[in-house]
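Asks: Dropping the structure in here first, questions after.
The values are calculated or read from the model by the stated rules, or taken from the named source; none is laboratory data. Owing to the predicted nature of the structure, the values given are computational and were not obtained by experimental measurement. Every residue, glycine as well, gets a Cβ built from its backbone with ideal geometry; the counts of neighbours run over all protein chains shown.
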Amino acid sequence: MKRCFFVFFMCLFLTGCGNAVREYSAVDTAMGTVVTQRIYTEHEDVTEDITVLLLDLEREELSRRKVGSVIGRINAAAGSGEIVVLPHKLQQELIFLQEFSQKSEGAFDSSLGGLCKLWDIDTWATKTDSPGGSAQDSMPNSSKDSTQDSIQEGPAVSGFVLPTPTEIQAALEHCGYEKISLTKEGISIPEGMVLDLGAAGKGIACDRIHAFLQEQDVEAAVISIGGSVLVYGDKPDNTVWQVAVTDPFHQETYIGTLYLKGTHFVATSGDYERYVEMDGVRYHHILDPFTGYPADSGVVSVTIVSDSGMLSDALSTACFVMGADEGMKLAEEYDAEALFVLKDGSLLMSEGMEQIYREYR
Ligand code: ADP
Ligand code: MG
């Protein structure tokens, strides 16, 4: 991990009781993406602690690429009958995700690791351009994944080989969240299955950071981990948080802004975030667990706002797979706000989203 910029002390506000609330900012890389932080606190700067929290979370728990992580160990034990004991928080999170898979009727599935490997998603390029606009507190999707060793520049990856239908069917045989055995003792998965928490990991990270900010008595913060954003507390100057929503057709700019007061979790899933193009066809990283191919539901991006990072992240992925009509119903069930951008450029949003979203002109 490299600290891209030094953490720097920015400015000073005075609170009513006379304690100074300082603003600290940092830009780092963690969880395979760019992490930006702005923290308002009367206490010590915690930006470095948050970066360490993220790196530990990835290395020790979530990454399927790290052999020593919990997910890595579960995958290594696939088919052996070994029950891997889970840390308490992760156990709760996986229980939630299993229920969520059921509710989404399988559109969200944490067991697609084998399929992701077959498509070789890890080697695909990501969008690195950043939209401008200093008025925004956060630019979701603006700081794309940039640190994985294998990432190449541009959307066309040399040597990309389209998996055959037979290979896809064979990979699908080893997928299926309902085949995961998750009890209070621990977890085990069948032979050939590979867990992949890529669709919820950044949201889980936002939840863990949220708990940390509360523990540390931080006044307010805005944290962006790739396409997942946490806005926390009230800004000391009493203005609302502004979170930009990337234009899926022109990622150097944004289609609009979310105006948020208090604590919220925002996540966006889009077909432009990680993809490869061949013969004029775009193959992106959100897979339809029923077909084994990149989801093709008529949606190009989904933005979710809710009171849980994991829920926002998982919902954005599930809604992308399910499409606008079914996705909207699922978001409603979870009391989350949703904004769909469809292939023809039209927008579809929940009632609550209409209250907080303003189009950029
Ligand atoms: P991003 O990681 O770019 O924010 P998502 O949250 O939508 O995007 O997650 C996509 C990642 O999740 C993929 O790279 C893959 O690892 C995994 N994945 C792909 N399709 C699914 C799916 N239907 N359900 C669960 N995980 C998925
Ligand atoms: Mg997601």
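Asks: Could you list all residues from segment 255-279 that are more than 16 Å from ligand 1 (Cβ to nearest atom) and more than 18 Å from the chain's Cα centre (by Cα)? Spell out the reasoning first.
Replies: If we filter segment 255-279 for residues that are more than 16 Å from ligand 1 (Cβ to nearest atom), which is where we start, we get 255-264, 277-279.
Those that are more than 16 Å from ligand 1 (Cβ to nearest atom) and more than 18 Å from the chain's Cα centre (by Cα): Ile255, Gly256, Thr257, Tyr259, Leu260, Lys261, Gly262, Glu277, Met278, Asp279.
Asks: Additional query: Among residues belonging to segment 293-303 that are of a type outside the set (S, T, N, Q) and within 14 Å of ligand 2 (Cβ to nearest atom), point out the one that is nearest to the chain's Cα centre (by Cα).
Replies: Here is the first cut: in segment 293-303, the residues of a type outside the set (S, T, N, Q) are 293-296, 298-300, 302.
Keeping just the survivors that are within 14 Å of ligand 2 (Cβ to nearest atom) gives 295, 299, 302.
Numbers: Ala295: 17, Val299: 17, Val302: 12 Å.
Going through the qualifying residues, I end up with Val302.
Asks: In the list Val229, Val218, which residue meets the criterion of being away from ligand 2 (no atom under 16 Å from the Cβ) and among the hydrophobic types (A, V, I, L, M, F, W, C)?
Replies: On the way: Val229 fails: away from ligand 2 (no atom under 16 Å from the Cβ).
The match here is Val218.
Asks: A further question on this structure: When the residues of segment 315-332 are narrowed to those that are aliphatic (A, V, I, L, M) and within 12 Å of ligand 2 (Cβ to nearest atom), which ends up nearest to Arg282 (Cα to Cα)? If you could, list the steps in order and put the result at the bottom.
Replies: Taking segment 315-332 and keeping what is aliphatic (A, V, I, L, M), we get 315, 318, 321-322, 324, 328, 330-331.
Still in the running and within 12 Å of ligand 2 (Cβ to nearest atom): 315, 318, 321.
Working: Leu315: 23, Ala318: 19, Val321: 16 Å.
Step by step, filter segment 315-332, then rank; the result is Val321.
Asks: On the basis of being small (Gly, Ala, Ser) and away from ligand 2 (no atom under 16 Å from the Cβ), does Gly352 make the cut? Write out each step before concluding.
Replies: Values: small (Gly, Ala, Ser): yes; away from ligand 2 (no atom under 16 Å from the Cβ): yes.
Criteria met by Gly352.
Asks: Then there's this: Can you tell me how many residues in segment 73-83 are surrounded by 18 or more Cβ atoms within 10 Å (Cβ to Cβ) and either touching a Lys or Arg at 6+ places or on another chain (Cβ under 7 Å) or not hydrophobic (A, V, I, L, M, F, W, C) (or both)? Break it down stepwise before answering.
Replies: Keep residues of segment 73-83 that are surrounded by 18 or more Cβ atoms within 10 Å (Cβ to Cβ), which gives 74-75, 78.
From the residues that got through so far, the ones that are either touching a Lys or Arg at 6+ places or on another chain (Cβ under 7 Å) or not hydrophobic (A, V, I, L, M, F, W, C) (or both) too are 75.
Residues that pass the stated criteria total 1.
Every residue, every condition in (1) farther than 30 Å from Val52 by Cβ; (2) in contact with a helix residue (DSSP H, G or I) (Cβ under 9 Å, 6 or more places away or on another chain); (3) hydroxyl-bearing (Ser, Thr, Tyr), yes or no:
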site	(1), (2), (3)
Gly198	no, yes, no
Lys235	no, no, no
Gln242	no, no, no
His250	yes, no, no
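Asks: Of the numbered conditions (1) assigned to a loop (DSSP other than H, G, I, E, B); (2) within 16 Å of ligand 2 (Cβ to nearest atom), Glu191 satisfies every one except a single condition; which is it?
Replies: Glu191 satisfies every listed condition except (2).
Matching residues to (1) free of Cβ contacts under 8 Å to residues at least 60 places away in the same chain; (2) small (Gly, Ala, Ser); (3) within 16 Å of ligand 1 (Cβ to nearest atom):
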{"residue": "Glu215", "(1), (2), (3)": "yes, no, no"}
{"residue": "Ala220", "(1), (2), (3)": "no, yes, no"}
{"residue": "Val231", "(1), (2), (3)": "no, no, no"}
{"residue": "Asp237", "(1), (2), (3)": "no, no, no"}
{"residue": "Val240", "(1), (2), (3)": "yes, no, no"}
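Asks: Which residues, taken from segment 247-292, are more than 16 Å from ligand 2 (Cβ to nearest atom) and in contact with a Leu (Cβ under 7 Å, 6 or more places away or on another chain)?
Replies: Of everything in segment 247-292, those that are more than 16 Å from ligand 2 (Cβ to nearest atom) and in contact with a Leu (Cβ under 7 Å, 6 or more places away or on another chain) turn out to be Met278, Gly292.
Asks: Right, Lys202: of a type in the set (D, E, K, R), closer than 27 Å to Asp49 by Cβ and within 16 Å of ligand 1 (Cβ to nearest atom) or not? Lay out the reasoning, then the answer.
Replies: Values: of a type in the set (D, E, K, R): yes; closer than 27 Å to Asp49 by Cβ: yes; within 16 Å of ligand 1 (Cβ to nearest atom): yes.
For Lys202, the condition - of a type in the set (D, E, K, R), closer than 27 Å to Asp49 by Cβ and within 16 Å of ligand 1 (Cβ to nearest atom) - is met.
Asks: Taking Ser312, is it modelled with pLDDT of 95 or more and within 16 Å of ligand 2 (Cβ to nearest atom)?
Replies: Yes: the conditions hold for Ser312.
Asks: Being in a loop (DSSP other than H, G, I, E, B), at positive phi and of a type in the set (Asp, Glu), is that true of even one residue in segment 260-272?
Replies: To start, the set of residues in segment 260-272 that are in a loop (DSSP other than H, G, I, E, B) comprises 261-263, 271-272.
Now restrict to residues that are at positive phi: 262.
Cutting the leftovers down to of a type in the set (Asp, Glu) gives us none.
The answer is no, given that none of the residues of segment 260-272 is in a loop (DSSP other than H, G, I, E, B), at positive phi and of a type in the set (Asp, Glu).
Asks: Can you list the strands (runs of 3 or more DSSP E) found entirely within segment 280-361 that contain at least 1 residues being in contact (Cβ under 8 Å) with a residue 40 or more places away in the chain and within 11 Å of ligand 1 (Cβ to nearest atom)? Before you say what the answer is, go through the steps one by one.
Replies: Details: elements: 281-284, 299-306, 337-342, 347-349, 357-359.
So the answer is 299-306.
Asks: Is it the case that Lys89 is surrounded by fewer than 17 Cβ atoms within 10 Å (Cβ to Cβ), at pLDDT 95 or above, more than 17 Å from Ser312 (Cα to Cα) and within 12 Å of ligand 1 (Cβ to nearest atom)?
Replies: On the way: surrounded by fewer than 17 Cβ atoms within 10 Å (Cβ to Cβ): yes; at pLDDT 95 or above: yes; more than 17 Å from Ser312 (Cα to Cα): yes; within 12 Å of ligand 1 (Cβ to nearest atom): no.
Taking the combined requirement at face value, the residue does not satisfy it.
Asks: Is at least one residue of segment 197-215 assigned to a loop (DSSP other than H, G, I, E, B) and surrounded by fewer than 19 Cβ atoms within 10 Å (Cβ to Cβ)? Break it down into steps so the answer makes sense when it comes.
Replies: We begin by selecting, within segment 197-215, every residue assigned to a loop (DSSP other than H, G, I, E, B); these are 197-200.
After this cut, where a residue has to be surrounded by fewer than 19 Cβ atoms within 10 Å (Cβ to Cβ) as well, the list is none.
The answer is no, given that none of the residues of segment 197-215 is assigned to a loop (DSSP other than H, G, I, E, B) and surrounded by fewer than 19 Cβ atoms within 10 Å (Cβ to Cβ).
Asks: Next up: Can you run down the residue pairs with Cβ atoms below 8 Å, 6 or more apart or on separate chains, where the first is in segment 164-190 and in contact (Cβ under 8 Å) with a residue 60 or more places away in the chain and the partner is acidic (Asp, Glu)?
Replies: Every condition considered, the pairs that remain are His174/Glu191; Cys175/Asp109; Gly176/Asp109; Tyr177/Asp109; Ser188/Glu82.
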